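Engineer: Handing you a structure now.
Nothing in this text is a laboratory measurement; each read-out follows from the coordinates by a stated rule. Quantities reported herein were computed from a predicted structural model and do not represent experimental measurements. As a convention, Cβ positions derive from the backbone with ideal geometry for all residues, glycine included, and neighbour counts pool all protein chains shown.
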Amino acid sequence: MPEDRDAQILALFEAGSPRGLARAITRAESGHGAELVRALYARSGKALTIGLTGPPGVGKSTLASALVKIARASGKTVGVISVDPSSPFSHGAILGDRIRLNEHFTDPDVFIRSMASRGHLGGLAGATGDAATFMDAFGKDVILIETVGVGQSEIEIAELADTTLVALQPGSGDSVQLLKAGILEVADIFVVNKADHPMALQLRREIRGMMEMLDFSGWVPELVATQAREGIGVDELWTAILKHDAYLRQSGDLETRRRTAFAHRVRALVTGEMERRIEPRLLASLSADGGGASDPYSAAERLLAPLDGALPALHGGPATRALPIRASVKGL
Ligand SMILES: Nc1nc2c(ncn2[C@@H]2O[C@H](COP(=O)(O)OP(=O)(O)O)[C@@H](O)[C@H]2O)c(=O)[nH]1
Ligand SMILES: [Mg+2]
């Protein structure tokens, strides 16, 4: 019985057992996190949630490990979530993350968890959001979410986290990728890692150049150079994180962000559930039409018709949702 299982997990969780936390996350990962989130959500909201994104190999896990060390040295408990959005079956990246984070596995005040984000209701916002809620409710002061910067994951992480770090490495064309992907607008802090590389200064100039094209309302992203493997620059990075946290609190932006994050999780659940329910009907309706009997708009209207009573169309509302963009391109 799932209910029994949730009760057992909750009992372990209440007793402060990391096994309770681990099992709660497993429940979320298998798409059964709802009851536990319901039970624990009210206790969340205290942790500082940091998203760490960037291309594979840039040094995110090494940076995460170095940040854990600093957070622990200042007496904070930490949760780390390594998300591999590529596939639930590619354990390669996760293995690398485990090696990089190795030194913290024996610290009882550090909880490290790898998870896949595909195949769950709500994607990253679903299971990862639940995992962050659990770590927060468990009492972790700082939650670090590492996600590979591919596809939409860096935009997604910016919707969930309080502070978003975008890590880049010199000599890789990262800054061009950044412009293309539109993640320039979601970074709170840029990290130029592998600053020992000869092209590091060049990359810093490029980022500054791109920032000059943007108008920022409020917080202007910090740019920190690090050598994560040697621990160089990580103190400065931690200081920038704390500065951003202080800014969020005194400007009132923290509340706004948390509301946006909440809305994002709800949206992901609603659209995920809609997709799940519509898919079988979609195929059925298409075969009933004999394939070409209808046009896509009429077919879509027919599928959406049952929603009309429950959710009357709100005309004049935004057609698309706002992205978590903290800056706009000058002159646009
Ligand atoms: N030269 C150099 N290598 C680094 C630095 N930081 C991390 N690395 C190496 O880059 C590789 C990828 O690091 P990892 O943290 O797994 O990257 P991730 O895929 O972004 O999580 C590893 O071999 C690290 O040792 C650095 O500052 N300088
Ligand atoms: Mg990694």
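Engineer: Using 0.36 nm per residue, how much length does the chain from K243 to L311 gain when fully extended, once their Cα-Cα distance is taken away?
Structural biologist: 20.2 nm
Engineer: I've got another one for you. Obtain the nm distance between the two label points defined at R302 and L282 by a simple spin-label model: each point lies 7 Å from its Cα along the Cα-to-C-beta direction.
Structural biologist: The modelled label-to-label distance comes out at 1.6 nm.
Engineer: Now for a different question. For S17 and V270 in one chain, what is 0.36 nm times their gap in residues minus the Cα-Cα distance, to one decimal in nm?
Structural biologist: 87.9 nm
Engineer: Just rank S298, S175, fewest to most, by other beta-carbon atoms within 10 angstrom.
Structural biologist: S298, S175
Engineer: A 20 angstrom limit on the alpha carbon distance is what I want to check against. Which of K46/K76; K69/K140; K76/K194; K140/K194; K46/K140 exceed it?
Structural biologist: In this structure, K76/K194; K140/K194 lie more than 20 Å apart at Cα.
Engineer: Using Cα pairs closer than 8 Å and at least 6 residues apart in sequence, work out the relative contact order for segment 197-303, in percent.
Structural biologist: 12
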